[in-house]
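What follows is a set of notes on a single structure, which appears directly below.
The values are calculated or read from the model by the stated rules, or taken from the named source; none is laboratory data. Bear in mind that the values here come from a model prediction, so they are computed numbers and not experimental data. Don't worry about glycine lacking a Cβ; one is built from the backbone with ideal geometry, like all the others, and counts go over all protein chains shown.
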There are 2 protein chains.
Amino acid sequence: MLLKLSSSSILGLLTWRPMSGYELKREIEGSLQNFWSESFGQLYPNLHMLNQAHLISGLPPDEATKRQKKVYQITDAGREALRGWIATDPASRPPRDELLLKLFFASEGGPDVVRDHSRHAREKALVKLRRYKAIREQIQSLNSHQERAKYWLMTLSLGISQTQNFIHWCDETLDEFTELGR
Amino acid sequence: MLLKLSSSSILGLLTWRPMSGYELKREIEGSLQNFWSESFGQLYPNLHMLNQAHLISGLPPDEATKRQKKVYQITDAGREALRGWIATDPASRPPRDELLLKLFFASEGGPDVVRDHSRHAREKALVKLRRYKAIREQIQSLNSHQERAKYWLMTLSLGISQTQNFIHWCDETLDEFTELGR
DNA sequence: CCGAGCATGTAACCTGTTACATGATTCG
DNA sequence: CGAATCATGTAACAGGTTACATGCTCGG
């Protein structure tokens, strides 16, 4: 069973607990935001496809809350497909970094452009870093016998160190190009 | 004049010297490979659009080599548009990192998957790092009165430190998850 | 009752890649 | 002369976002 890239996050999240499309979106924007995103326009069609492929199945609607919410759970075939997908070599998307492209050609704009961009990028990175650290606290505070925590912290630690390194680079760049501006 | 994202690299490169579509592609795969890419299917149509918008103009074909090569140069309006584009705040694309998504859900696959992926990623990062350093040598060895070099080295230094940091993280991860595998 | 958030879905659009078609030139 | 590379281009497709349409439910 071949698994589409845009379906993998769904299956992954459904290993946690059964969820609806809306809940999945919230979870993606919460837990996966740092390295993944998915739009409703992609999510709902994918949900239908996964259902048809029997990798997920719909739960019967809750009697108590007669909401029109559709809750899905992962099937055994789904878990199988997910495991297969996880094990295969990850493909890297063609690079497209707008900030770096602008900085690369920034000699056309002068040192001020570099200063402005790196200052702004630094601000955003700081926000990101604070968010990362808050998540880390959260994970560490929940029961440590959660086996998944180890894996989550591993990905987090990459995000934190990359962001810290980026901030450091912003500082250096800022130094170098504000001298030039004077 | 609003500049399309996929056209900006063309204008940027044409500030170096007049080039044909084919040469632009080569230059993108050479100098910009670490943060940018462009396919022919995008490049040639964009070239036509930029030409029609008078941001670039075709050079008369060389008499000596009667090749069917079409060489373009950037116009004043093109330089203007490029400067404007460089100065505007860069947008960041929605994140999509397949490796991190797999590692995040790797508790489904076990420690071996983590080990395999980080080992492989480390290999690729090492190759990248060597390439980065070779480029740095090259830039530093060309005449230092090239004003652009300062900008190029700035973007390079980010690439190098991010890659080094990534390799370091791979080592840590490898350590942690090979212990688990035993 | 009304607005915010819950909830599902679709159609139009944009961007970008892949695969293909075509032909010239250079070098061994 | 044949293969590799130079060189330009297009059509089909895949992937993804945005904007819209629709309606429910809960709290104030």
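Just a few scattered comments:
- Among the residues listed as B:14, B:55, B:2, B:43, the single one being away from DNA strand C (no atom under 13 Å from the Cβ), more than 10 Å from chain A (Cβ to nearest Cβ) and either in contact with a Pro (Cβ under 7 Å, 6 or more places away or on another chain) or farther than 25 Å from residue B:149 by Cβ (or both): B:55
- Scanning region A:9-27 for residues that are of a type in the set (Ser, Thr, Tyr) and buried (at least 21 other Cβ atoms within 10 Å of the Cβ) yields a single hit, A:9.
- Test: residue in region B:83-104 that is modelled with pLDDT of 95 or more, away from DNA strand D (no atom under 16 Å from the Cβ) and away from every other protein chain (no Cβ under 11 Å): no
For every residue, the table says whether it meets (1) in contact (Cβ under 8 Å) with a residue 24 or more places away in the chain; (2) in contact with a strand residue (DSSP E or B) (Cβ under 8 Å, 6 or more places away or on another chain).
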residue: B:36; (1), (2): yes, no
residue: B:44; (1), (2): no, no
residue: B:57; (1), (2): no, yes
residue: B:96; (1), (2): no, no
residue: B:99; (1), (2): no, no
residue: B:109; (1), (2): no, no
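- Residue B:139 in contact (Cβ under 8 Å) with a residue 24 or more places away in the chain and more than 9 Å from every other protein chain (Cβ to nearest Cβ): no
- Checked against the criteria, residue B:80 counts as under 30 Å from residue B:55 (Cα atoms) and in contact (Cβ under 8 Å) with a residue 60 or more places away in the chain.
- Only one entry in B:157, B:118, B:161 is more than 19 Å from the chain's Cα centre (by Cα) and within 12 Å of chain A (Cβ to nearest Cβ), namely B:118.
- Selection of region A:142-154 for residues being of a type outside the set (A, V, I, L, M, F, W, C) and either more than 10 Å from chain B (Cβ to nearest Cβ) or exposed (fewer than 14 other Cβ atoms within 10 Å of the Cβ) (or both) yields A:143, A:144, A:145, A:146, A:147.
- Qualifying residues in region A:4-33 (those that are closer than 16 Å to residue B:95 by Cα and acidic (Asp, Glu)) - the one nearest to DNA strand D (Cβ to nearest atom): A:29
- Pair list, Cβ < 7 Å and 6+ apart or interchain, from region A:18-29 residues that are outside the structural domain of residue A:56 (by TED's automatic domain parsing) and more than 9 Å from residue A:43 (Cα to Cα) to residues that are within 11 Å of DNA strand C (Cβ to nearest atom) and acidic (Asp, Glu): none
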